[in-house]
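The values are calculated or read from the model by the stated rules, or taken from the named source; none is laboratory data. A quick note: this is a predicted structure, and the numbers were derived from the prediction, not measured. Every residue, glycine among them, receives a Cβ derived from its backbone with ideal geometry; neighbour counts consider all protein chains shown.
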């Protein structure tokens, strides 16, 4: 099987460079979060206040549950608020949140938010980013 090689630098004659994607991400992310607020008004308090409870992702299950529970208890928008585990389940269902396991040494459940939503929610990323770890892991193939 032929070995696949990936370029280490971007040619100057490309139309769109990776840096262009990074530069556009903040505006795109804010736009997508506005769309989510319209699509899921029951999650509006979470979208608006999550950055006041925690600012970096990935985050442990305990920390996320606690942050969401605080948001729910402070929220006066709903007479029958969802429980924090229901909110987490809903966020996972719509693709805003996913379970994250960086390496085999990581214990417990941790959650991450894709960059498409992360920056628009006013959050930031801890470490190199789950997306980089996943892409690097997908690139590496076992030697046969």
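In segment 1-82, counting only helices (runs of 4 or more DSSP H) that sit wholly within it, the ones holding 1 or more residues that are surrounded by 10 or more Cβ atoms within 10 Å (Cβ to Cβ) and at pLDDT below 85 span 18-39. For segment 89-144, the set of residues classified as in a loop (DSSP other than H, G, I, E, B), out of contact with any helix residue (DSSP H, G or I) (no Cβ under 6 Å at 6 or more places or on another chain), modelled with pLDDT under 90 and surrounded by 10 or more Cβ atoms within 10 Å (Cβ to Cβ) consists of 101, 106, 126, 127, 128, 129, listed by residue number.
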